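A.B. asks: Sharing a structure here in structure tokens format.
The values are calculated or read from the model by the stated rules, or taken from the named source; none is laboratory data. For clarity, every value in this text was computed on a predicted model and none was experimentally measured. Note: ideal-geometry Cβ built from the backbone for every residue, glycine included; neighbour counts use all protein chains shown.
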Number of protein chains: 2
Amino acid sequence: MNAVILSIGDELVLGQSVDTNSAFLSGRLAELGLMTLYHQTVADDRAAITAAVQQACAAAEVVIISGGLGPTQDDLTRQAVADAMSVQLVLDEAALKTIAAFFTRRGRTMSDSNRVQAMHPVGTTMLANSAGTAPGIKGQLNRATFYVVPGVPREMQVMFQEHILPDLTRGACIGAAILTAKVNTFGLGESSVGELLGDLMRRDRNPVVGTTVAGGVVSVRLRCAMADPDRASKALEATRAEVERHLGAYVFGRQETDLPQATVDLLRQRRITLATAESCTGGLIGKFITDVPGSSNVFLGGWTAYSNHMKVQQLGVPSDLIEVHGAVSGPVARAMAAGAISRSGAGLGVSITGIAGPEGGSPEKPVGTIWVGLAAGGEPVDTARAVRLNLAGLDRQLLRDRAAKTVLQLIRFHLLNVPFDRIQWVVKD
Amino acid sequence: MNAVILSIGDELVLGQSVDTNSAFLSGRLAELGLMTLYHQTVADDRAAITAAVQQACAAAEVVIISGGLGPTQDDLTRQAVADAMSVQLVLDEAALKTIAAFFTRRGRTMSDSNRVQAMHPVGTTMLANSAGTAPGIKGQLNRATFYVVPGVPREMQVMFQEHILPDLTRGACIGAAILTAKVNTFGLGESSVGELLGDLMRRDRNPVVGTTVAGGVVSVRLRCAMADPDRASKALEATRAEVERHLGAYVFGRQETDLPQATVDLLRQRRITLATAESCTGGLIGKFITDVPGSSNVFLGGWTAYSNHMKVQQLGVPSDLIEVHGAVSGPVARAMAAGAISRSGAGLGVSITGIAGPEGGSPEKPVGTIWVGLAAGGEPVDTARAVRLNLAGLDRQLLRDRAAKTVLQLIRFHLLNVPFDRIQWVVKD
């Protein structure tokens, strides 16, 4: 079984945006054992899209087309697919109702131009879109089953998950059972994870083990292909256990579990509440924590003490500490964490203060110098801990992202009694 | 003159890497007036590359192929191009010497496998590579001039600069100048933007105008193709002015300007400092603001008052307000904004409190009910304003993202004296 991925949009062909959908889709198809023959990016041109769809549907059994399903005149995928099939577009009343309901729910009226989003080529079926207005389309052309989904990456991903994935795994298309698993770690670079895994990463092994990095999280991906599903499942389990044993506390979760979720889960399990005092991350730690539904059980809130005045006034950091050590220092990080606890009543207080750049660095404290503080409720203020991170070489966005994630992993290490300097970018004193 | 871009590599087709070369190349070609017809990503498969090269060279006058010029067995572009031309590969002695010298300079010895990098199809010329070992190739097939360059982005870019760009600008090949522009808006759905633009979006217009959405931001993209660059530039300017006139205050910036940047710029211009009081967004507004380098000039900091206790204790929200109206209400939003000002000394205080879901909704206050407060420094507390947003139907992440961006646009509307209910999801009372 082969696949072709088409991405539609002038902005892609003109180089104004980078096409990330194709990599996402073919990556997921590869996990299922489907080989992608090629990706093609096509302009918002009806004839060009028609030709590309025909060629793809002659070359592969599965064709996924993203983009060009919007409500405006430059969205032509729907019409082009109909042209490729030599059929007309027809209105789907149910889809129209769903789209109208989407607008009603938000107290808006649907504009006429949205009507076209309820149309699809005769002989195709519509795929509900739980993440936006434009439904997708599924149909048959030559030897291929094709799927048309919106180009907005999030909507495309949701549609893949809800429609295409179940279709492909249900289908009789795949000869062997292909099972996959994922183990997520934070605190080491990819090559260090590879070294800890050693022979587990040999390419001739089954299950095969590989690593990928996204946003500083190194995920270990396992893929097992065996004729017998039971044997495959047992082999996968055994390898996963071995991977997790090698990687220890760096592992924060399996499959799609992210670091905020894992942190909130552990806090909830221990019945410990949290408060944050952020400087250089500007609220990002709180944002990560509150990404998790129900985090209000463990997260009381926090301070974004961007100015020194806020640090002194709102968190009770002694101003002479700032004068003597500077705002980016261990003593100030400790005082911020202690202040967050004493003023919120939380069981655990974390703080962060650092130089995110591009300006503000100095020879003693270059860009990338970050201090993290941790204080436990009920303990004397002077037991608060502080560690220094070295995240030099990352740009502002990346640095803040890694710093905030490091704080989450440090919360976990604190609760699990793991030494902080296991994290590769924590500076050992 | 049209172009086609081919990217070669299993890692691209399998989704392990995102192809950024195509966007770079077609962006640069567009600046030169060359329209890219399509991008195609092809696996490390000799026959597949051969077919793709033949198709591309039949479709366009300029074909750029990147990747597959390395020294290992999976680098097959060189051979495939020879196949497409029905010729043999031949060794270029001068190129071999250059490659050997490259290794000598770095104190390494050249391995035998590097010899293949000095080979090229009969009838083509080699292009020196100043950034790596693999020379590029330039040749002619059907109507096309084709260029083969390494896939490593830096080498590809250097080769483009040193060989392809001078060729194309020198050549008589370019018939028209193609200029592009982007205008970014927030506060309307894509279809409403399309309606405001009306006939500007007709597909037969030049400059042609299209819309794309990313993260709730609707961008209007303009593209102008004309023989005379001066006329093209004037036509683009005129259309951009018309687009901006139609979209008024919804426009926050051009090209790559994002909403946080535009908000910080406006605050800085007015010399007004900001403080935030966030509940449901958990710090996301502060995160957005502090994404902007140098935002410390205008951002003092804020509170993430996730619990009611934090709202009362830290922001001075009267607890009876919460009891009577609930934490998600206009009066509480106003009190939070006023508290943020009085406790930080900022010139402008914004607050947000809402139900982000998936739990916590009620018939009176369903998930998606959000209150935003704005208070100006120096004014009496009871002049603080509050507006309600209806963001029902979005999931937790999306809802928080849209809510935080709406607060940024409301800050701009406040400073620009634009009525808040121009934003489509602000509830009109």
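A.B. asks: Residues A:324, A:381, A:387: which one is hydrophobic (A, V, I, L, M, F, W, C), over 30 Å from residue B:261 (Cα atoms) and touching an Asp or Glu at 6+ places or on another chain (Cβ under 8 Å)? Explain how you work it out, then say what you get.
C.D. replies: Details: A:324 fails: touching an Asp or Glu at 6+ places or on another chain (Cβ under 8 Å); A:381 fails: touching an Asp or Glu at 6+ places or on another chain (Cβ under 8 Å).
The unique qualifying residue is A:387.
A.B. asks: More than 29 Å from the chain's Cα centre (by Cα), among the hydrophobic types (A, V, I, L, M, F, W, C) and either closer than 22 Å to residue A:289 by Cβ or surrounded by fewer than 23 Cβ atoms within 10 Å (Cβ to Cβ) (or both), is that true of residue B:340? So that I can check it myself, show each step before the final result.
C.D. replies: On the way: more than 29 Å from the chain's Cα centre (by Cα): yes; among the hydrophobic types (A, V, I, L, M, F, W, C): yes; either closer than 22 Å to residue A:289 by Cβ or surrounded by fewer than 23 Cβ atoms within 10 Å (Cβ to Cβ) (or both): yes.
When the stated conditions are applied, residue B:340 passes them.
A.B. asks: Let me ask you something else. Test residue B:326 against the criterion of being more than 14 Å from chain A (Cβ to nearest Cβ) and of a type outside the set (D, E, K, R), and give yes or no.
C.D. replies: Against the criterion (more than 14 Å from chain A (Cβ to nearest Cβ) and of a type outside the set (D, E, K, R)), residue B:326 qualifies.
A.B. asks: Exactly one of (1) free of Cβ contacts under 8 Å to residues at least 12 places away in the same chain; (2) within 22 Å of residue A:215 (Cβ to Cβ); (3) not hydroxyl-bearing (Ser, Thr, Tyr) is unmet by residue A:350. Its number?
C.D. replies: Result: residue A:350 fails condition (1) only.
A.B. asks: Mind listing just one residue for me: the one in region B:375-409 that is part of a loop (DSSP other than H, G, I, E, B) and more than 10 Å from every other protein chain (Cβ to nearest Cβ) and, of those, surrounded by the most Cβ atoms within 10 Å (Cβ to Cβ)?
C.D. replies: Of region B:375-409, the ones part of a loop (DSSP other than H, G, I, E, B) are B:377-380, B:384, B:391-395.
Subsequent filtering for residues that are more than 10 Å from every other protein chain (Cβ to nearest Cβ) retains B:377-380, B:384.
Numbers: B:377: 18, B:378: 7, B:379: 11, B:380: 9, B:384: 23.
This residue is B:384.
A.B. asks: In this structure, does residue A:373 turn out to be assigned by TED's automatic domain parsing to the domain that holds residue A:277 and within 30 Å of the chain's Cα centre (by Cα)? Write out each step before concluding.
C.D. replies: Working: assigned by TED's automatic domain parsing to the domain that holds residue A:277: yes; within 30 Å of the chain's Cα centre (by Cα): yes.
Judged against the criteria, residue A:373 is a match.
A.B. asks: Can I ask one more? So, residue B:328, is that one modelled with pLDDT of 95 or more, of a type in the set (A, V, I, L, M) and more than 24 Å from residue A:291 (Cα to Cα) or not? Working first, answer last.
C.D. replies: Details: modelled with pLDDT of 95 or more: yes; of a type in the set (A, V, I, L, M): yes; more than 24 Å from residue A:291 (Cα to Cα): no.
No.
A.B. asks: Something else: Kindly list the number of the only condition in (1) polar (S, T, N, Q); (2) more than 11 Å from every other protein chain (Cβ to nearest Cβ); (3) surrounded by 18 or more Cβ atoms within 10 Å (Cβ to Cβ) that fails for residue A:314.
C.D. replies: In the conditions (1) polar (S, T, N, Q); (2) more than 11 Å from every other protein chain (Cβ to nearest Cβ); (3) surrounded by 18 or more Cβ atoms within 10 Å (Cβ to Cβ), residue A:314 misses (2) alone.
A.B. asks: Sort out which residues of region A:215-260 are among the acidic types (Asp, Glu), touching a helix residue (DSSP H, G or I) at 6+ places or on another chain (Cβ under 8 Å) and modelled with pLDDT under 85, and write them in order of number. First the steps, then the outcome.
C.D. replies: So in region A:215-260, the residues among the acidic types (Asp, Glu) come out as A:228, A:230, A:237, A:242, A:244, A:256, A:258.
The next check asks that each one be touching a helix residue (DSSP H, G or I) at 6+ places or on another chain (Cβ under 8 Å); those that pass are A:242.
None - no residue of region A:215-260 is among the acidic types (Asp, Glu), touching a helix residue (DSSP H, G or I) at 6+ places or on another chain (Cβ under 8 Å) and modelled with pLDDT under 85, so the list stays empty.
A.B. asks: For the condition charged (D, E, K, R) and closer than 17 Å to residue A:283 by Cα, what is the one hit in A:334, A:396, A:388, A:343?
C.D. replies: On the way: A:334 fails: closer than 17 Å to residue A:283 by Cα; A:388 fails: closer than 17 Å to residue A:283 by Cα; A:343 fails: closer than 17 Å to residue A:283 by Cα.
Of A:334, A:396, A:388, A:343, the one residue that is charged (D, E, K, R) and closer than 17 Å to residue A:283 by Cα is A:396.
A.B. asks: Which condition number does residue B:413 fail, the rest of (1) assigned to a helix (DSSP H, G or I); (2) under 19 Å from residue B:281 (Cα atoms) being met?
C.D. replies: (2)
A.B. asks: Have a look at A:209, A:292, A:243 and point out the one that is over 30 Å from residue A:326 (Cα atoms), within 14 Å of another protein chain (Cβ to nearest Cβ), surrounded by 20 or more Cβ atoms within 10 Å (Cβ to Cβ) and out of contact with any Asp or Glu (no Cβ under 7 Å at 6 or more places or on another chain). Let's see the steps before the verdict.
C.D. replies: Details: A:209 fails: within 14 Å of another protein chain (Cβ to nearest Cβ); A:243 fails: within 14 Å of another protein chain (Cβ to nearest Cβ).
When all the criteria are applied, what remains is A:292.
A.B. asks: A further question follows. Before we move on, is residue A:127 of a type in the set (A, V, I, L, M), surrounded by 19 or more Cβ atoms within 10 Å (Cβ to Cβ) and modelled with pLDDT under 90?
C.D. replies: Working: of a type in the set (A, V, I, L, M): yes; surrounded by 19 or more Cβ atoms within 10 Å (Cβ to Cβ): yes; modelled with pLDDT under 90: no.
No, not satisfied.
Per-residue answers, yes or no, for (1) farther than 23 Å from residue A:153 by Cβ; (2) among the polar types (S, T, N, Q); (3) within 12 Å of chain B (Cβ to nearest Cβ):
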site: A:52; (1), (2), (3): no, no, yes
site: A:111; (1), (2), (3): yes, yes, yes
site: A:114; (1), (2), (3): no, yes, yes
site: A:129; (1), (2), (3): no, yes, yes
site: A:133; (1), (2), (3): no, yes, yes
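A.B. asks: Given the residues A:36, A:72, A:41, which is the only one that is in contact (Cβ under 8 Å) with a residue 40 or more places away in the chain, within 9 Å of another protein chain (Cβ to nearest Cβ) and among the β-branched types (Val, Ile, Thr)? Working first, answer last.
C.D. replies: Numbers: A:36 fails: in contact (Cβ under 8 Å) with a residue 40 or more places away in the chain; A:41 fails: in contact (Cβ under 8 Å) with a residue 40 or more places away in the chain.
Among A:36, A:72, A:41, only A:72 is in contact (Cβ under 8 Å) with a residue 40 or more places away in the chain, within 9 Å of another protein chain (Cβ to nearest Cβ) and among the β-branched types (Val, Ile, Thr).
A.B. asks: Let me ask something else. Please determine whether any residue of region B:258-269 is within 27 Å of residue B:382 (Cβ to Cβ) and of a type outside the set (S, T, N, Q). It would help to see each step written out before you state the result.
C.D. replies: Looking only at region B:258-269, we keep the residues that are within 27 Å of residue B:382 (Cβ to Cβ), and these are B:263, B:266-267.
In the following step, the residues that additionally are of a type outside the set (S, T, N, Q) were identified as B:266-267.
There is at least one residue in region B:258-269 that is within 27 Å of residue B:382 (Cβ to Cβ) and of a type outside the set (S, T, N, Q).
A.B. asks: Let me ask another. Filter region A:268-289 down to the residues that are buried (at least 24 other Cβ atoms within 10 Å of the Cβ) and over 27 Å from residue B:294 (Cβ atoms), then identify the one that is farthest from the other protein chains (Cβ to nearest Cβ). Walk me through how you get there before you give the answer.
C.D. replies: Narrowing region A:268-289 to residues buried (at least 24 other Cβ atoms within 10 Å of the Cβ): A:274-289.
Subset that is over 27 Å from residue B:294 (Cβ atoms): A:274-275.
Working: A:274: 10, A:275: 8 Å.
Only one residue tops the list, namely A:274.
A.B. asks: Would you be able to tell me the number of residues in region B:255-294 that are assigned to a strand (DSSP E or B) and either free of Cβ contacts under 8 Å to residues at least 40 places away in the same chain or outside the structural domain of residue B:315 (by TED's automatic domain parsing) (or both)? First the steps, then the outcome.
C.D. replies: Of region B:255-294, the ones assigned to a strand (DSSP E or B) are B:274-278.
With the extra rule that they be either free of Cβ contacts under 8 Å to residues at least 40 places away in the same chain or outside the structural domain of residue B:315 (by TED's automatic domain parsing) (or both), the set shrinks to none.
Summing the residues that are assigned to a strand (DSSP E or B) and either free of Cβ contacts under 8 Å to residues at least 40 places away in the same chain or outside the structural domain of residue B:315 (by TED's automatic domain parsing) (or both) in region B:255-294 gives 0.
A.B. asks: Out of B:184, B:114, B:142, B:129, report the one residue that is under 30 Å from residue B:402 (Cα atoms) and either among the charged types (D, E, K, R) or touching a helix residue (DSSP H, G or I) at 6+ places or on another chain (Cβ under 9 Å) (or both). First the steps, then the outcome.
C.D. replies: Working: B:114 fails: under 30 Å from residue B:402 (Cα atoms); B:142 fails: under 30 Å from residue B:402 (Cα atoms); B:129 fails: under 30 Å from residue B:402 (Cα atoms).
Step by step, each of B:184, B:114, B:142, B:129 is checked, and only B:184 is under 30 Å from residue B:402 (Cα atoms) and either among the charged types (D, E, K, R) or touching a helix residue (DSSP H, G or I) at 6+ places or on another chain (Cβ under 9 Å) (or both).
A.B. asks: Check off (1) part of a strand (DSSP E or B); (2) buried (at least 20 other Cβ atoms within 10 Å of the Cβ); (3) out of contact with any Pro (no Cβ under 7 Å at 6 or more places or on another chain) for residue B:193 and give me the number that stays unchecked.
C.D. replies: With respect to (1) part of a strand (DSSP E or B); (2) buried (at least 20 other Cβ atoms within 10 Å of the Cβ); (3) out of contact with any Pro (no Cβ under 7 Å at 6 or more places or on another chain), residue B:193 is out only on (1).
A.B. asks: Among the residues of region B:295-306, which ones are closer than 20 Å to residue B:372 by Cβ and within 7 Å of chain A (Cβ to nearest Cβ)?
C.D. replies: B:299, B:300, B:301, B:302, B:303, B:304, B:305, B:306 - these are the residues of region B:295-306 that are closer than 20 Å to residue B:372 by Cβ and within 7 Å of chain A (Cβ to nearest Cβ).
A.B. asks: Testing residue B:11 on (1) out of contact with any Phe, Trp or Tyr (no Cβ under 7 Å at 6 or more places or on another chain); (2) closer than 21 Å to residue B:164 by Cβ; (3) more than 9 Å from chain A (Cβ to nearest Cβ), one condition comes back false. Which one is that?
C.D. replies: Only one criterion in (1) out of contact with any Phe, Trp or Tyr (no Cβ under 7 Å at 6 or more places or on another chain); (2) closer than 21 Å to residue B:164 by Cβ; (3) more than 9 Å from chain A (Cβ to nearest Cβ) is unmet by residue B:11, namely (2).
A.B. asks: Name the residue that is modelled with the lowest pLDDT, counting only residues in region B:20-33 that are at the interface with another protein chain (Cβ under 8 Å from one of its Cβ atoms) and within 23 Å of residue A:38 (Cα to Cα). Spell out how you get there, then give the answer.
C.D. replies: Of the residues in region B:20-33, the ones at the interface with another protein chain (Cβ under 8 Å from one of its Cβ atoms) are B:20, B:22-30.
Those left that are additionally within 23 Å of residue A:38 (Cα to Cα): B:20, B:22-27, B:29.
Working: B:20: 92, B:22: 96, B:23: 93, B:24: 92, B:25: 95, B:26: 92, B:27: 86, B:29: 89.
By that ranking, first place goes to B:27.
A.B. asks: Right, here's the next one. Might you let me know whether region B:190-205 holds any residue that is in contact with a strand residue (DSSP E or B) (Cβ under 9 Å, 6 or more places away or on another chain), β-branched (Val, Ile, Thr) and more than 9 Å from chain A (Cβ to nearest Cβ)?
C.D. replies: Scanning region B:190-205 turns up no residue that is in contact with a strand residue (DSSP E or B) (Cβ under 9 Å, 6 or more places away or on another chain), β-branched (Val, Ile, Thr) and more than 9 Å from chain A (Cβ to nearest Cβ).
A.B. asks: I'd like the full set of residues that are within 13 Å of chain A (Cβ to nearest Cβ) and in contact with a Leu (Cβ under 8 Å, 6 or more places away or on another chain), limited to region B:415-429.
C.D. replies: B:423, B:424, B:425, B:426, B:427
A.B. asks: Mind listing just one residue for me: the one in region A:324-358 that is touching a Gly at 6+ places or on another chain (Cβ under 6 Å) and assigned to a helix (DSSP H, G or I) and, of those, nearest to residue B:305 (Cα to Cα)?
C.D. replies: A:340
A.B. asks: Exactly one of (1) crowded, with 21+ Cβ neighbours inside 10 Å; (2) in a helix (DSSP H, G or I); (3) within 32 Å of the chain's Cα centre (by Cα) is unmet by residue A:148. Its number?
C.D. replies: Result: residue A:148 fails condition (2) only.
A.B. asks: Also, I was wondering about something else. Quick one: is residue B:243 of a type in the set (A, V, I, L, M) and under 20 Å from residue B:416 (Cα atoms)?
C.D. replies: Working: of a type in the set (A, V, I, L, M): yes; under 20 Å from residue B:416 (Cα atoms): yes.
Answer is yes for this residue.
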